[in-house]
């Protein structure tokens, strides 16, 4: 007979692509999976218009917001209280792309970073595409800031880069496509490695197996075509990565009514 864990924590990361438009599927996720913490990206609403009451009624009374009208936006909603909150204006552009919260797990605090990295536009050349230049600068600043941090940390979010060969449906065809270009992949790996973080998802799915979290709206039958990319990530310091006992990409959610083009990723920690 095994002992029950003294603490269990489930965390979801999900680019929701407008939290007000897709509130019904956020509620569906909660009713079906009851995660302790949900990190949302691309919420697309100012803080004052966030659906606080609907989520509070479902038990998520701790909500850290960083939103803006029509664009970007991140939110971390939780059943557990936050020990602290922080928001960084990466690249000093006034974009709402980051919120960090302190959370207790197994008697100790860890920092949970929720990111929405810029997509980068269509042309992978920073000389002619300001959006791509912004993305590269954002990743550089992530490397600097996270590399200077100490202590237990989990980093989640839509990082908008699929760094490995089997994080995309065709490595060869996507090498010159934004999200899988060598410079982006190298920079994202520099962020993770420089911060001493482990790729939690790839602990559960070997690097030689396909792993996706995003399927384009442009595909007539996204599931049959299965031309996906892994743009959403979960990273953790080794102590916390070792506490993760399960990871799932909730692929079915990509087919829910009025879906996001991203699927939620859920991890369970036990100690």
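The values are calculated or read from the model by the stated rules, or taken from the named source; none is laboratory data. The shown structure was predicted, so the numbers you read here are calculated from the model rather than taken from an experiment. Neighbour counts run over all protein chains shown; Cβ positions are idealised from the backbone, glycine included.
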Worksheet item: Looking at residue 81, is it in a loop (DSSP other than H, G, I, E, B), touching a helix residue (DSSP H, G or I) at 6+ places or on another chain (Cβ under 9 Å) and at pLDDT 95 or above?
Response: no
Worksheet entry | Extreme residue, farthest from the chain's Cα centre (by Cα), among residues of the range 115-157 that are assigned to a loop (DSSP other than H, G, I, E, B) and within 22 Å of residue 36 (Cα to Cα) | 151
Item to complete: Hey, could you check the range 233-262 for residues that are in contact (Cβ under 8 Å) with a residue 60 or more places away in the chain and part of a helix (DSSP H, G or I) and say which is surrounded by the fewest Cβ atoms within 10 Å (Cβ to Cβ)?
Response: 239
Worksheet item: Can you tell me which of 65, 112 is at pLDDT 95 or above, over 19 Å from residue 269 (Cβ atoms), part of a strand (DSSP E or B) and in contact with a strand residue (DSSP E or B) (Cβ under 7 Å, 6 or more places away or on another chain)?
Response: 65
Worksheet, complete the sentence: Exception for residue 159 within (1) out of contact with any helix residue (DSSP H, G or I) (no Cβ under 7 Å at 6 or more places or on another chain); (2) under 30 Å from residue 5 (Cβ atoms); (3) crowded, with 22+ Cβ neighbours inside 10 Å falls at (1)
Practice prompt. Those residues that are outside any loop (DSSP other than H, G, I, E, B) and either in contact with a helix residue (DSSP H, G or I) (Cβ under 7 Å, 6 or more places away or on another chain) or more than 22 Å from residue 21 (Cβ to Cβ) (or both), I need them from the range 84-104; list them, please.
Written response: 84, 85, 86, 90, 91, 92, 98, 100, 101, 102, 103, 104
Worksheet entry | Residues (touching a residue at least 12 places away in the same chain (Cβ under 8 Å) and more than 18 Å from residue 160 (Cβ to Cβ)) located in the range 206-222 | 207, 208, 209, 210, 222
Worksheet item: Of everything in the range 164-194 that's surrounded by fewer than 20 Cβ atoms within 10 Å (Cβ to Cβ) and in a loop (DSSP other than H, G, I, E, B), which residue is nearest to the chain's Cα centre (by Cα)?
Response: 164
Worksheet item: Restricting the range 37-62 to residues that are under 18 Å from the mean Cα position of the chain (by Cα) and assigned to a strand (DSSP E or B), which is surrounded by the fewest Cβ atoms within 10 Å (Cβ to Cβ)?
Response: 37
